[in-house]
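**Student:** Here it is, the structure in full.
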Amino acid sequence: MSPRLAPPPADQLELEIDGDEHDAAERFHAWGFTDGLPIVIPTRERVDRMAAGAKHYPLESLGNLAPRDGAATIQKIAINALMAGCLPEHMPVLEAAISAITEPDFNLIAMQTTTHPCALLAIVQGPVALELEMNFGHGCMGPGNRANSSIGRALRLILQNIGGAIAGFTDKATQGGPAKAGFCFAENEEQSPWPPLRTTLGLGLEDSCVTVAAAEGPHNINDHGSSDGESILNTIAQTMATVGSNNLYVGGDHFVVFGPEHAQAVAKSGFSREQVQRYLFEHARVSVDRVSPQKLAELSSWGGYADQLEAWGGRIPLARGAELLRVLVAGGAGKHSCWIPTFAVGYSQTRRIESEKQICLL
């Protein structure tokens, strides 16, 4: 549905609105600048305070965001962060996430305009997650935690208001999904039997970072009966092996998020992260017998693997390499884990979250 009022020019950064904050909020809704939920009105003073929390300077751009090709300046990021309910200390996470999605391999233009229901997933890792009091335990994927919810929501508003992903116009998601409202959580390093995810992505234990991906919402995996690692991994693999996912089409990387109880049982059975990845790579496959001939022709043409079906023994993997199955731990007690499929036409990106102000040379 189109906004009820034509929005002001994109280059007009300051507006005067008659009335009180309620009137201003109604005008923002009418212009199509919100996600349909209440917002904090971005007055000049509030935006200045928000921008002061950034590690770059207000007029510096972190890149242009497709499809509108809007410049993601710190000031514009701060406006959307404020609207979403962020605090100034959340800005460095947003800066890292926005820098990451501008990488060509992320394929932002495709994510923003596809019919697939992908949303921007942000996984925060390292000391900053504790500093911001992010939720990595029970209910970490929402709702209830200010940092998780507001950072995820801010990223969505940035993609909409700077990038121009407008539902029904440029954002062509057939049905969309609740993850589009915001999808952000932290890794549960305290209860993980394996090294933190970032150590597999080229960063150190002392680093803080954010990993971003074009992802679907989490798919729950329930296994209360299995006590040994291989049984739990089998349940996970068979849950992942679905015919309709984009990962089956084109591969890409995707995420297996273990609940702590499942992770500890798997590790106790002797599985390292790499062995988990290898097991899931080999067992989370779809037999061609489960796929109709028309669907199989579509799958193999999209993924370009028609000539590999025989080598794969007629069992199609969900990734083109075991390392592309990203394994981490998040959540609290309970025998649940989840799989987070992805858009797959692009790859997740990880960026270090800066702790010092960056020098900008003009």
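Each reported figure results from applying straightforward, stated rules to the coordinates on display, with no laboratory input. Given the structure is predicted, the values throughout are model-derived calculations rather than measurements. Cβ placement follows ideal geometry from the backbone for every residue including glycine, while neighbour counts extend to all protein chains displayed.
**Student:** Taking only the alpha-carbon positions of the range 177-299 and ignoring solvent, what does the Debye formula give for the base-10 log of I(q)/I(0) at q = 0.10, 0.11 Å⁻¹?
**Tutor:** -0.38, -0.46
**Student:** Rounded to a whole number of µm²/s, how large is the Stokes-Einstein D of the range 1-156 at 4 °C and 1.567 mPa s, given Rh as the Kirkwood radius over C-alpha pairs?
**Tutor:** Values: Rh = 16.7 Å.
The diffusion coefficient I find is 78 µm²/s.
**Student:** Continuing with this model, one more query. List the residues whose amide H sits under 5 Å from the amide H of VAL286, counting only those 5 or more places along or on another chain, with H placed 1.01 Å from N in the peptide plane.
**Tutor:** Residues meeting the amide H criterion: ILE316.
**Student:** Let me know the Kirkwood hydrodynamic radius for the chain, please, with Cα pairs as the basis and the value in Å to one decimal.
**Tutor:** On the way: mean 1/r = 0.0469 Å⁻¹.
Averaging 1/r across every pair of different Cα atoms and inverting gives 21.3 Å.
**Student:** Please count, across the chain, the pairs of lysine residues with Cα atoms under 22 Å apart that sit 8 or more places apart or on different chains.
**Tutor:** Numbers: LYS55/LYS76; LYS55/LYS357; LYS76/LYS180; LYS76/LYS357; LYS172/LYS180; LYS268/LYS335.
The result is 6.
**Student:** For the range 221-293, build the convex hull from the C-alpha positions and give me its volume per residue in Å³. It would help to have the intermediate numbers written out before the result.
**Tutor:** Details: hull volume 6.9 nm³, N = 73.
Spelled out: Cα convex hull of the range 221-293, divided by residues, is 95 Å³.
**Student:** How much of the DSSP beta bridge set in the range 21-352 is antiparallel, as a percent to the nearest 5? Please report the intermediate quantities before stating the final value.
**Tutor:** Working: 25 of 35 bridges.
Roughly 70 percent of the DSSP beta bridges within the range 21-352 come out antiparallel.
**Student:** Hey, another quick one. How long are the semi-axes of the ellipsoid equivalent to the range 16-100, from square roots of 5 times the Cα gyration tensor eigenvalues, in whole Å, largest first?
**Tutor:** Each semi-axis is √(5λ); the values are 23, 15, 11 Å.
**Student:** Jot down the radius of gyration and Dmax of the range 260-362, Cα atoms only, both in angstrom.
**Tutor:** For the range 260-362, the Cα-based Rg and Dmax read 18.9, 60 Å.
**Student:** Which residue, PRO317, PRO127, PRO196, has the most motion in a Gaussian network model of the chain that connects Cα atoms within less than 10 Å?
**Tutor:** PRO127
**Student:** Which order do the peptides 88-96, 109-117 come out in when sorted by mean C-beta neighbours inside 10 angstrom, highest first? Intermediate results must be reported in sequence, preceding the final value.
**Tutor:** Details: 88-96: 22.7, 109-117: 18.4.
Top to bottom by mean Cβ count within 10 Å: 88-96, 109-117.
**Student:** Quickly rank 61-70, 344-353 as a protection proxy: mean count of other C-beta atoms within 10 Å, highest first. Display every interim value, and only then the final one.
**Tutor:** Values: 61-70: 18.3, 344-353: 21.0.
Put in order of decreasing packing, that is 344-353, 61-70.
**Student:** Continuing with the same structure: Across bins of 5 angstrom width beginning at 0, how are the C-alpha pair distances of the range 168-207 distributed, in whole percent?
**Tutor:** In order of increasing distance, the bins hold 5, 16, 17, 15, 9, 11, 12, 12, 3, 0 percent.
**Student:** Work out from phi, with θ = phi - 60° and the Karplus expression 6.51 cos²θ - 1.76 cosθ + 1.60, the ³J(HN,Hα) of each residue of the range 157-168, listed in order in whole Hz, and give x for Gly and Pro.
**Tutor:** 5, 5, 4, 7, 7, 9, x, x, 7, 9, 4, x
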